[in-house]
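The values are calculated or read from the model by the stated rules, or taken from the named source; none is laboratory data. In this text, all values refer to a predicted model and were calculated from it rather than measured experimentally. Reconstructed Cβ throughout: ideal geometry from the backbone, glycine too, with neighbour counts over all protein chains shown. We work out accessible area using only protein heavy atoms, side chains counted, and drop any ligands, DNA or RNA first. Shrake-Rupley method; radii C 1.70, N 1.55, O 1.52, S 1.80 Å.
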Amino acid sequence: MGIIRKLILKEWFKFFAGSVIALFMLVSVANLISGFLRGNVTATEVLINHFIEIPGYLNKIFPVSCLMASLFSINKLKTRSELTAIFASGYSRKNYIIDLIFASLVVTIIQFLMSSYISPFFKSQRENLITESTHKFSNLKSQGLRSSTIGSGKMWYKSDDYFIAFTNYNQVKKELYNVTLYKLSIDNYLEEILAMEKVFWEKGIWVGKEVITLDHLNEKSFPKADSNRETIVSLSETPDDLRQIEADITILDIVKLWKYIKQLKSSGINIDEYMVLFYDKFSNSIICIIFAILASVSIFNPNRRSSSFGKNIAAVFFFTILYWLVYSYLIELGNNSKLIPFAATFSVPATFTIILIIIFSRNRKLAK
């Protein structure tokens, strides 16, 4: 039995590696060409940015590669009549599925580590490796924009003449919460501090609510304190610019992301969008196992003459495309709080799991 298991795993990992390499080459060529066509970056910066994005590319490639590995490895065994011989020798289909689960579980663990730790770390180094990377590799219009969490639990960014820190930005309502604005003088000394409950976009301007102001900080006299229920706030960034700031949360590993979410929750802020991001790291890893098993349903018909490889591959890829379309739609519903985050991220994998359970229960006699 050990020899059979080695054969199954060898074929599976061989096709998995081939699929990863082929898909990675396609993605790399497309992204490098797109990068080289940019007029504001050098070839070296394009290559560095591509290297930083590799974990993110692999997160999308691995699930599809698991599917292709199961599909092509089983077809190869069928073509050489080895699959029939395997089952005829007493090696059950149940054991075969267990082998595929083990193989895809290895990929699942790697996928989780990449999305939870490796990818955030790589992205956190972008600014250190590429000067003005925010401007060069994003849609931000404000060249002075710089964002960070700097260990405070708040999002920070620097514009030309001020720093601003906030707990959360609501993209739908166009509101910043728990805002502190640090204005700088011409010679870069701290001049004024505004602490606000929130800042919202109204008729093309930013308006602060429940504002406490400390000014004349760069003078020798004591600072002057003032409070207003509402006041106009001079921010050069538009709501579209601030929407891009949230992308900086992707540099947080899963532990820091969870701490950040808990802090938002304690402040009474809607955390649905962030919980979707958190749950997605688990859901997008588990799907590797589901895809590997999904492509293995043809083992219940091991005779190469009685099954069509073309139909199998068409059916599997149809369900794969359907999965990504429905999953992406549910993620958007979760981000907009129209669906609870757990349901948005796990309902489709759960549905596919139920479908697989039904398929295997109908063939349980053959699985023994």
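In nm, to one decimal, how far is the Lys10 label point from the Thr44 one, both placed 7 Å along Cα→Cβ?
With each label point 7 Å from Cα toward Cβ, the separation is 4.6 nm.
Give me the extension gain from Ser81 to Tyr117: residue separation times 0.36 nm, minus the current Cα-Cα distance, reported in nm with one decimal.
Extending this stretch completely gives an extra 8.7 nm.
Quick check: at a probe of 1.4 Å, how many percent of the accessible area of region 190-302 sits on carbon and sulfur atoms?
The nonpolar share, carbon plus sulfur, comes to 53 percent.
Set the Förster radius R0 to 25 Å, insert the Cβ-Cβ distance between Glu230 and Asp253 as r into 1/(1 + (r/R0)^6), and round the FRET efficiency to 0.05.
Using R0 = 25 Å, I get an efficiency of 0.05.
Summing -39500 (n - 2.57) over the DSSP H runs of n ≥ 4 in the chain and dividing by its residue number, what mean residue ellipticity at 222 nm do you reach, to the nearest 500 deg cm²/dmol?
When only DSSP H runs of four or more count, the value is -19000 deg cm²/dmol.
D for the chain, whole µm²/s, Stokes-Einstein with Kirkwood Rh over alpha-carbon pairs at 4 °C and 1.567 mPa s: what number?
The diffusion coefficient I find is 54 µm²/s.
Under a plain spin-label model, where a point goes 7 Å from the Cα along Cα-to-Cβ, how far apart in nm are Leu37 and Phe222?
Going by the 7 Å Cα→Cβ label model, 6.3 nm.
Roughly speaking, what is the stretch gain from Asp187 to Leu322, that is 0.36 nm per residue apart minus the C-alpha to C-alpha distance, in nm to one decimal?
The span from Asp187 to Leu322 would gain 42.9 nm if fully extended.
Calculate how steeply helix 309-335 sits against the longest principal axis of the alpha-carbon atoms of the chain, using the helix alpha-carbon long axis, and give the answer as 0 to 90 degrees to the nearest 10.
Helix 309-335 and the main axis of the chain meet at about 20 degrees.
Using a 10 Å cut-off on Cβ atoms, rank the peptides 350-360, 90-100 from the highest mean neighbour count down.
Packing order, densest peptide first, comes out as 90-100, 350-360.
Once the principal axes of the Cα atoms of region 29-140 are found, what is the range along each, listed largest first in whole angstroms?
Answer, in whole Å and largest first: 63, 27, 20 Å.
Arranged from highest to lowest average of other beta-carbon atoms within 10 Å per residue, in what order do the peptides 175-183, 320-328, 37-45 appear?
Packing order, densest peptide first, comes out as 175-183, 320-328, 37-45.
At Phe163 and Leu26, where each label point lies 7 Å from the Cα along Cα→Cβ, what is the point-to-point distance in nanometres?
Distance between label points: 4.6 nm.
Please compute the Cα-Cα pair-distance distribution of region 157-285 with 5 Å bins starting at 0, giving whole percents from short to long.
2, 9, 18, 20, 18, 14, 9, 6, 3, 1, 0, 0
Going by average Cβ density within 10 Å per residue, which order do the peptides 72-84, 210-222 take, highest to lowest?
Put in order of decreasing packing, that is 72-84, 210-222.
Round to the nearest 10 and give me the degree value, 0 to 90, for the angle of helix 254-266's Cα axis relative to the longest principal axis of the chain.
The answer is roughly 50 degrees.
Can you tell me the orientation of helix 93-113 relative to the chain, as the angle in degrees between its alpha-carbon axis and the longest Cα principal axis, to the nearest 10?
20 degrees
Can you give me the Rg/Rh ratio for region 3-43, using Cα atoms for both radii and the Kirkwood formula for Rh?
Ratio of gyration radius to Kirkwood radius: 1.38.
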